[in-house]
Amino acid sequence: MARTIQSLERAAAMLRLLAGGERRLGLSDVASALGLAKGTAHGILRTLQQEGFVEQDPASGRYQLGAELLRLGNSYLDVHELRARALLWADDLARSSGESVYLGVLHQQGVLIVHHVFRPDDSRQVLEVGAMQPLHSTALGKVLCAYDPVAHSQLLEAEREAFTGRTVTALPDLEGVLDLTRARGWAADVEETWDGVASVAAPIHDRHRMPVGAVGITGAVERVCEDGELRAHLVAAVRDCARAVSRDLGAGRF
């Protein structure tokens, strides 16, 4: 039988420990649970923290899983599987809403469009699969930043350009937008990225209830909005689509 590396076994055990129970544990808790000396446990935790796999709360000193581990977990889900699961539901959303449907994932400080369903009319349209959208102004981007810690950290580093007079670029204001997104379960973009264009998007989760993408509709403001607000039936349709794809990925009910 091949020999194992003890330090890696201990690091793996720590990650499993932090993934369960209270999710935040102190040094003594970790050392006691794994039967390690505090010095040994601290050294491994410090290494995991430097690599981004573990984070330490400044106030309590307790440890929890880090954003880098979440990013690696998200990459486990193949984008092609996400797209395959969303095909039918995205088509249904386009038919019921009468608008273009986009499926996006986090990529290089932006939103990569991995699936695009044309608006079901006779208008001339351009396929946007492979296009990139900004995180801070689009509905898809706001959803990813609200639910994915890695996307949120990239938002802080990315250039936040003012595309229109409505674009929110100040970080405190953006944090308020993300709080609202989490509270209601969807994000909006009303002429923040393109004049005359409005969007609404909702998050897609996998079987671990981790955010793996977002789905949304985009259309002319006069069709998507009424009296300055997004039409309620369109918001409901987008959320229903996101839930359906999430269920197909094993997320259960949200």
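The values are calculated or read from the model by the stated rules, or taken from the named source; none is laboratory data. These numbers were taken from a predicted model, which means no experiment stands behind them. Don't worry about glycine lacking a Cβ; one is built from the backbone with ideal geometry, like all the others, and counts go over all protein chains shown. We work out accessible area using only protein heavy atoms, side chains counted, and drop any ligands, DNA or RNA first. Shrake-Rupley method; radii C 1.70, N 1.55, O 1.52, S 1.80 Å.
Taken over region 137-156, the residue count meeting the criterion of being open to solvent by less than 10 Å² (accessible area, probe 1.4 Å) and out of contact with any strand residue (DSSP E or B) (no Cβ under 8 Å at 6 or more places or on another chain) is 2. Within the option set L93, L112, being hydrophobic (A, V, I, L, M, F, W, C), in a strand (DSSP E or B) and under 24 Å from A244 (Cα atoms) holds for one residue only, L112. Every listed requirement among (1) open to solvent by 60 Å² or more (accessible area, probe 1.4 Å); (2) in a helix (DSSP H, G or I); (3) under 17 Å from T138 (Cβ atoms) is met by E222 save one, (3). Among the conditions (1) under 19 Å from S100 (Cβ atoms); (2) open to solvent by 10 Å² or more (accessible area, probe 1.4 Å); (3) part of a loop (DSSP other than H, G, I, E, B), A188 misses just one, which is (3). Just to verify a result, which residue in region 157-170, among those that are touching a Leu at 6+ places or on another chain (Cβ under 8 Å) and more than 22 Å from P211 (Cα to Cα), is most open to solvent (accessible area, probe 1.4 Å)? Ranking the candidates gives R160 first. Checking the stated criteria, V177 turns out to be of a type in the set (A, V, I, L, M, F, W, C), outside any strand (DSSP E or B), over 23 Å from R95 (Cβ atoms) and in contact with a helix residue (DSSP H, G or I) (Cβ under 7 Å, 6 or more places away or on another chain). Applying the criterion of being in a strand (DSSP E or B) and out of contact with any Gly (no Cβ under 7 Å at 6 or more places or on another chain) to the residues of region 198-213, the residue that is modelled with the highest pLDDT is P203.
Please state which one of L8, L34, L17 is within 26 Å of H208 (Cα to Cα), modelled with pLDDT of 90 or more and of a type in the set (A, V, I, L, M). Lay out the reasoning, then the answer.
Working: L8 fails: modelled with pLDDT of 90 or more; L17 fails: modelled with pLDDT of 90 or more.
After ruling out the rest, the residue left standing is L34.
Exactly one of (1) at pLDDT below 90; (2) open to solvent by 60 Å² or more (accessible area, probe 1.4 Å); (3) over 26 Å from S137 (Cα atoms) is unmet by G52. Its number? Among (1) at pLDDT below 90; (2) open to solvent by 60 Å² or more (accessible area, probe 1.4 Å); (3) over 26 Å from S137 (Cα atoms), the lone unmet condition for G52 is (2).
Among the β-branched types (V, I, T), crowded, with 17+ Cβ neighbours inside 10 Å and farther than 27 Å from L127 by Cβ - does that describe any residue in region 197-214? No, there is no match, as no residue in region 197-214 is among the β-branched types (V, I, T), crowded, with 17+ Cβ neighbours inside 10 Å and farther than 27 Å from L127 by Cβ.
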